[in-house]
């Protein structure tokens, strides 16, 4: 039975190193083959299990055929080929010498690595797996790459390096123990220093340079310019609005930037990207003259309006008052949302201040321009009371359009202290169109205009010289006001109360008293009436007696009221 050569293999690099040391010590005289020695031989035969090799010994050797298979599992070896093998055992039970090509290759690799260490050379390898504290690298034999030696900066995700080939520097080598420690960081730092020298030669304010995005933060991106990092602040990335640098960049991206500031002492570099491009505001007034229709995206909402980006770096404000002709928009969020595409009209533009005033309602025809034709002055409308204020009531004319009935236009004669005394929300009212101010969007209505002004016909009803009855509504130092019709008052001046001098009107009349008076003047335009009690006395004996009779009756009534109150 043939021995299983795979089971006879050494278990690790330490066994190879030990055997290698032993082979060096055991080598005797010239031409004498010893176990553990690497020798050359010629392939004389190939079987399914072994390759028979003549190494010039008294008996031929055999090598497991698996050691000659390539990555595809193919055996490319043929009789007559020369190979290097390790002499593992002089003779086995069958009298054959046991050889190993694989172990010979590994011992050669250890020799090469040892020589590379002595010459301070670089080795190449493929990262094949993760191990505790770092990565495992195949450089012909397994070597250890500590996590701290993977890159210049700490690396959180080591998996990104798996299956990739890199150059390394051997920083620790123990052939006896089969221990090799590598560093990639040492090479990168050296390379970075060389790049830094070259970069500093060209680094100056205003210089345009190429770099690679090394790191992203909330406030900007760090760009590797070649051995030295610069900060590209978020405000210098674009003329437009950016929420986070990741909207524009990914780590590893190649970028072209301009040096804004450079402090050689602290080696601090401030970079700009938008400065390479023309400021879009420079010709904004040519591109967006007043009246231009534009489309844009809502990028921000405030209490007073919405900012619309019409191109990268150019934003306009739609004030809340410019969003609708008819609706009272309390907050822009009731109409718009961030990210929504909208259409607007340029109302004003100031490139120096970087401001554009936009209007959304101007996209549609102003409904107020149609109201003049629809509701001519003097026409009567019906509507519901939508709001009651101190100064009047608002009546709904149509959707989004309210008309104001001012408190002074509610009644010709009635003194209205507050409209709420007569109206409440929801009441149906009729009113006359008094005025339409399209520019200021004001619709004026009147209720009293539904009837004729009683002052206009007062002279016809009660001409000057007429005797009328009235009620004293107010007594002042200069006379008394007497209401002769509902809402129509006249003044009896103190000089028109009696023929003799009157010290105080209160000695003659009191509020609430009914009196007879004579109309001595009417001014309809100023709404003033002059009344006289004295003129009645001058009108004849009958008038005088009638006047005295009424005065006596009034005095008697007032006395009765006074006595009743005392009881």
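Each reported figure results from applying straightforward, stated rules to the coordinates on display, with no laboratory input. Since the structure is predicted, the reported quantities are computational estimates derived from the model, not experimental observations. Here Cβ is always computed from backbone atoms with ideal geometry, including for glycine, and neighbour counts include all displayed protein chains.
Could you check how many percent of all C-alpha pairs in the stretch 127-257 are farther apart than 28 Å? Mind dumping the intermediate values first?
Numbers: 2850 of 8515 pairs.
In whole percent, the share of Cα-Cα pairs in the stretch 127-257 beyond 28 Å is 33.
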Please list log₁₀ I(q)/I(0) at q = 0.13, 0.15, 0.16, 0.18 Å⁻¹ for the stretch 120-188, using the Debye equation with identical point scatterers on the alpha-carbon positions.
-0.30, -0.40, -0.46, -0.59
Quick check: the angle from helix 13-26's long axis to the longest principal axis of the chain, C-alpha only, nearest 10 degrees?
20
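Can you pull the percent of Cα pairs in the stretch 217-298 with separation above 14 Å? Each step should come with its number before you reach the end.
Working: 2269 of 3321 pairs.
The calculated P(r) of the stretch 217-298 puts 68 percent of pairs beyond 14 Å.
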C-alpha long axis of helix 101-118 to longest principal axis of the chain, angle in °:
70
Which distance in Å, rounded to a whole number, links the C-alpha centroids of the stretch 309-327 and the stretch 266-282?
28
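Need the full-extension length gain, residue 414 to residue 190, defined as separation in residues times 0.36 nm minus the C-alpha distance. One decimal, nm. List each step's numbers first, then the result.
Values: separation 224, 0.36 × 224 = 80.64 nm, distance 9.86 nm.
Between residue 414 and residue 190, full extension yields an extra 70.8 nm.
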Using alpha-carbon pairs under 8 Å, 6+ residues apart, how would you state the relative contact order of the stretch 203-276 in percent?
37
Taking the Cα-to-Cβ direction at residue 328 and at residue 379 and moving 7 Å from each Cα, how far apart do the two end points lie in nm?
2.4
What percentages make up the Cα-Cα pair-distance distribution of the chain when the bins are 20 Å wide from 0?
13, 21, 16, 15, 12, 10, 7, 5, 1
Taking the alpha-carbon centroid of each part, what is the distance from the stretch 445-489 to the stretch 367-419 in angstrom?
26
Counting alpha carbon pairs within less than 8 Å and at least 6 residues apart, what relative contact order, in whole percent, applies to the chain?
5
State, in angstrom, two size descriptors of the stretch 475-526 derived from its alpha carbons: Rg to one decimal place and Dmax to the nearest whole number.
11.3, 32
Förster radius 35 Å - calculated FRET efficiency between residue 138 and residue 47, Cβ distance, rounded to 0.05:
0.70
Suppose R0 equals 45 Å. What FRET efficiency, 1/(1 + (r/R0)^6) with r the Cβ-Cβ distance, do residue 464 and residue 441 give to the nearest 0.05?
0.45
Based only on Cα atoms, what mean projected area does the convex hull of the stretch 196-336 have, in nm²?
10.7
As a test of the formula, what do you get for the chain when each DSSP H run with n ≥ 4 contributes -39,500 (n - 2.57) and the sum is divided by the residue count, at 222 nm and rounded to the nearest 500 deg cm²/dmol?
-5000 deg cm²/dmol
Please pull out the direction-averaged projected area of the stretch 368-450, using the convex hull of its alpha-carbon atoms, in nm² to one decimal place.
5.0
